[in-house]
C-alpha cells in the first residue's frame, strides 16, 4: 500500500521518513489502530517522529464535497468549500497519529487551532497531491500541543496548505519553537464585533459531521464516549464550527484565494445554541467569533480574508 522514499533534512535535524500511499487502508483498520493506541504511555517527548505521508493523486469527489457542504452550510455557488481539503487530508493525519512511532494515543486528542491558505481556485474532479507531515511541538497551558502540516499541489503547483495544532491534555508541555495561533492585532483599535447569526446545534451534529468528514474521534460522537475523555457531553468538531462560520461569511461566489485563521477557545457541548459575531476588516475580510447564546462564552475566534477570481 505504501513505499518508503528517502527525504532530505537540514543539518542537525532528524531525517524525514516519507511514505507514498497509492491507496488508504479501510477506515475500520485506521480506527482499529487508533483503539489499539489507547494503551500508549502518555510521556513528555522532545520532538515528534519525522514522518511525511503522501497521496500522489486524489480526485476532488463531487459527492463527498456535497455531503460536507450540506452539513456545514455551504451553497453550490460557493464552489469547493475552503476547508474541504482538510477532509481529504484527514486520513493521513490519522495515519500519522496512529503510527507506531507516534508518542500519544490518537483517541481523545483535541484540535485547538487551524490556519488555511487557499492559493488557487479548486474545482471538483481535479486531481491533487496531498502531503501531511509532523511539525513542531507548541507550548500549551493544558498539556502538550503539536503541529501537523498539510500541503496540497495540482500539477506541481501549490494550491492549498494548512497548519493544524492538536493537544494531548495532561502531558507536561514542551515547545520547540514559538508558534502564533491567534488573530494578528492591527495597529489601530479593531472594530467592535456585532451579532450576525444564531445557530441551533443538534445532539447528533458530531455524528453527522463525522459521516461527512471521516473524523470519528469519540469525543464528538456520544456522551458516554466523550465522558471517557473528560467531557460531560459530546462536543462539536472544531472544523465544523470553522466551516459553518466561513460558509456564513463567504460571498455566493467561488474564491480565487483566501487566508483563514481559527482558534478553538472552548468546546461546544452538544446540543447547543451558539451565536456568530463579526466585524468587517474590509470589503473582503472579517474578524469573527462564535460564542454561546448569551454572547459571553467564547468558542471560536478567527479571521477570514479572501480574493475573488
Test: residue in region 131-147 that is at pLDDT 95 or above, surrounded by fewer than 17 Cβ atoms within 10 Å (Cβ to Cβ), closer than 22 Å to residue 99 by Cβ and within 19 Å of the chain's Cα centre (by Cα) | no
Test each condition in (1) modelled with pLDDT of 95 or more; (2) farther than 22 Å from residue 60 by Cα; (3) crowded, with 19+ Cβ neighbours inside 10 Å for residue 217 and report the one that comes out false.
-> (1)
Within region 258-285, residues within 22 Å of residue 220 (Cα to Cα) and surrounded by fewer than 19 Cβ atoms within 10 Å (Cβ to Cβ) come out as 265, 266, 269, 271, 273, 275
Which residue out of 226, 180 is at pLDDT below 95 and surrounded by 22 or more Cβ atoms within 10 Å (Cβ to Cβ)?
-> 226
Here the qualifying pairs (Cβ atoms under 8 Å; residues six or more apart or on different chains; first in region 66-83 and on the phi > 0 side of the Ramachandran plot and at pLDDT 95 or above; second surrounded by 18 or more Cβ atoms within 10 Å (Cβ to Cβ) and part of a loop (DSSP other than H, G, I, E, B)) come out as 79/122; 79/255
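Please pick out the residue among 273, 296 that is more than 22 Å from residue 117 (Cβ to Cβ) and in contact (Cβ under 8 Å) with a residue 40 or more places away in the chain. Let's see the steps before the verdict.
Details: 296 fails: in contact (Cβ under 8 Å) with a residue 40 or more places away in the chain.
Criteria check complete, one pass: 273.
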Filter result for residue 63 (more than 18 Å from the chain's Cα centre (by Cα), touching a residue at least 12 places away in the same chain (Cβ under 8 Å) and in a helix (DSSP H, G or I)) = no
Look through 23, 34 and report the one residue that is outside any loop (DSSP other than H, G, I, E, B) and at pLDDT below 95.
-> 34
In region 206-223, residues that are in contact (Cβ under 8 Å) with a residue 60 or more places away in the chain and either part of a helix (DSSP H, G or I) or closer than 16 Å to residue 84 by Cβ (or both) total 10
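Which members of region 225-277 meet the condition of being in a helix (DSSP H, G or I) and more than 16 Å from the chain's Cα centre (by Cα)?
Answer for region 225-277, where residues must be in a helix (DSSP H, G or I) and more than 16 Å from the chain's Cα centre (by Cα): 225, 226, 227, 248, 249.
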Of the residues that make up region 86-93, is at least one crowded, with 20+ Cβ neighbours inside 10 Å and at pLDDT below 90?
-> no
Within region 247-257, track down each residue that is touching a strand residue (DSSP E or B) at 6+ places or on another chain (Cβ under 6 Å) and either under 24 Å from residue 167 (Cα atoms) or crowded, with 21+ Cβ neighbours inside 10 Å (or both).
-> 255
Can you spot a residue in region 101-117 that is farther than 24 Å from residue 205 by Cα, surrounded by 15 or more Cβ atoms within 10 Å (Cβ to Cβ) and modelled with pLDDT of 95 or more?
-> yes
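The values are calculated or read from the model by the stated rules, or taken from the named source; none is laboratory data. In this text, all values refer to a predicted model and were calculated from it rather than measured experimentally. In this analysis, Cβ positions are derived from the backbone assuming ideal geometry, glycine residues included, and neighbour counts consider all displayed protein chains.
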